[in-house]
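Notes for the one structure printed next.
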Amino acid sequence: MRTGLLVVALLLAPAAAQAAPESALDRCLASEAGATTIGQIQCIGDELKVQDARLNRNYAKAMKDLTPEQKAKLRAAQRAWLAFKDADCRSLQDDAWGTLSRVSANMCVLERTIERADELASYPDR
């Protein structure tokens, strides 16, 4: 029975892989440049620029029609989120853990930025 499940899993794997389009980050990390720590950090940095711009657009859109009190609350929340993101991701980098900790810390910044951009995209209207 386990063999049957393995066969089914192997048959479904290509379909699952086709369902999720490969991102620019995935392509970069799979390239020759993505084979080094510096290359991985560059790939992550390139995607961070895209996601940071998206976050900024979503923040501006969220702020657009808020009352002054609502704007002040969102501004305070965004500043607190920035401080959290920076501290949280810095905690993942330490020279004693090797150079891959730099990749982990940079990936953390990217992941947190994507999450926050998504949150801001669905921020309530006034």
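No lab work stands behind these numbers, since they all come straight from the coordinates. Predicted model, so just to flag it, every value in this text is computed and none were measured. Please note: Cβ atoms are built from the backbone with ideal geometry, for glycine as well, and neighbour counts cover all protein chains shown.
Note that the stretch 35-51 has calculated 3J(HN,Hα) couplings of 7, 10, 4, 4, x, 4, 5, 5, 4, 5, x, 5, 5, 4, 4, 5, 6 Hz, one per residue in order, obtained from phi through the Karplus relation 6.51 cos²θ - 1.76 cosθ + 1.60 (θ = phi - 60°); glycine and proline are x. The listed peptides 54-61, 75-82, ordered by packing as a protection proxy, come out as 54-61, 75-82 (highest mean of other Cβ atoms within 10 Å first). Over the stretch 25-121, all Cα pairs binned in 10 Å intervals from 0 give whole-percent P(r) values of 16, 39, 28, 13, 4, listed from short to long.
Under the criterion of Cα pairs below 8 Å and six or more residues apart, the relative contact order for the stretch 25-121 equals 39 percent.
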